[in-house]
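To start, the structure under review is shown below, and the notes come after it.
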Amino acid sequence: MEQLLGEFSTGLFILQTVLFVCLVLLLKKFAWKPILDAVNEREEGIRNALLSAENAKKEMLNLQSSNEKLVAEARAERDAMMKEAREIKEKMINDAKSEAQLQGEKMIAQAKAAIESEKNAAMAELKNQVSTLSLEIAEKVLRDELSNKESQTKLVVQLLGDAKLN
């Protein structure tokens, strides 16, 4: 350091100071301004990007909450539709059961009516056959009775006796 102080030249010092000041002025005019402008522009771009990211985040949160609302509404609508479908199914089953029961009762009533009708027809037929057989038997008995004179007289006496009792 002593050597530097011993060789110190004032003219050289002034010349170097002037050159340094000129260099600083040239750098300020041509280099620092574009560099500072670029730095400021980049800073503004970063600030805008951060604002855009913040806005996008808020919008995403809004969309997420609206999506959750839509999902909840869709679930509620689905549940309501499922409940309605179950009610319709139960109603259809109950209607089918009651209709089947009514049809069964109607068929039973028709079967009973048919059985009663057949029974009445069979009874009428049986009565016809019985009356026909009775007439045939009575006719044969009367022929036998009427063919014999003594039997005829006995029959007339018996009938007259019955008539008096009545």
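The values are calculated or read from the model by the stated rules, or taken from the named source; none is laboratory data. Note that the structure is predicted; figures quoted are calculated from it, not measured. We place every Cβ from the backbone using ideal geometry, glycine too, and count neighbours over all the protein chains shown. Only protein heavy atoms, including side chains, enter the accessible area calculation; ligands, DNA and RNA are left aside. Shrake-Rupley method; radii C 1.70, N 1.55, O 1.52, S 1.80 Å.
Before moving on, here are some points about what is shown:
- Degrees between helix 149-165 axis and first principal axis of the chain (Cα, 0 to 90, nearest 10): 70
- Per residue, the chain exposes 94 Å² of solvent-accessible protein surface, assessed with a 1.4 angstrom probe and all protein chains in place.
- Compactness ratio for the range 90-153: Cα radius of gyration over 2.2 N^0.38 Å (N = residue count) comes to 2.49.
- Top of Leu70, Leu51, Leu23 by mean-square fluctuation, Gaussian network on the chain, Cα under 10 Å: Leu23
- Considering only Ile115, Ile46, Ile14, the mean-square fluctuation computed in a Gaussian network model of the chain, springs between alpha carbons under 10 angstrom, is largest for Ile14.
- Extension gain for Asp95-Asp162 works out to 17.1 nm (0.36 nm per residue, less the C-alpha to C-alpha distance).
- Simple Cβ-charge dipole of the range 32-153, Lys/Arg +1 and Asp/Glu -1, about Cα centre, in debye nearest 20: 260
- Working note: Debye formula, equal point scatterers on the alpha-carbon atoms of the range 8-76, no solvent; log10 I(q)/I(0) at q = 0.27 Å⁻¹ is -1.04.
- Accessible surface of the chain, 1.4 Å probe, proportion on carbon and sulfur as whole %: 63
- Rg then Dmax, both in Å and based on the Cα atoms of the range 4-143: 57.8, 191.
- Computed per residue of the chain from DSSP H runs no shorter than four, each worth -39500 (n - 2.57), the mean residue ellipticity at 222 nm is -34000 deg cm²/dmol.
- Toward the positive end of the charge dipole of the chain, with +1 on the Cβ of Lys and Arg and -1 on the Cβ of Asp and Glu, the farthest Cα among Val18, Gly45, Leu135 is that of Leu135.
- To the nearest ten degrees, helix 33-147 and the longest principal axis of the Cα atoms of the chain are 0 degrees apart.
- With the simple model of a label 7 Å out from the Cα in the direction of the Cβ, Leu102 to Glu125 spans 3.6 nm.
- For the range 13-27 and the range 40-56, distance of Cα centres in Å: 39
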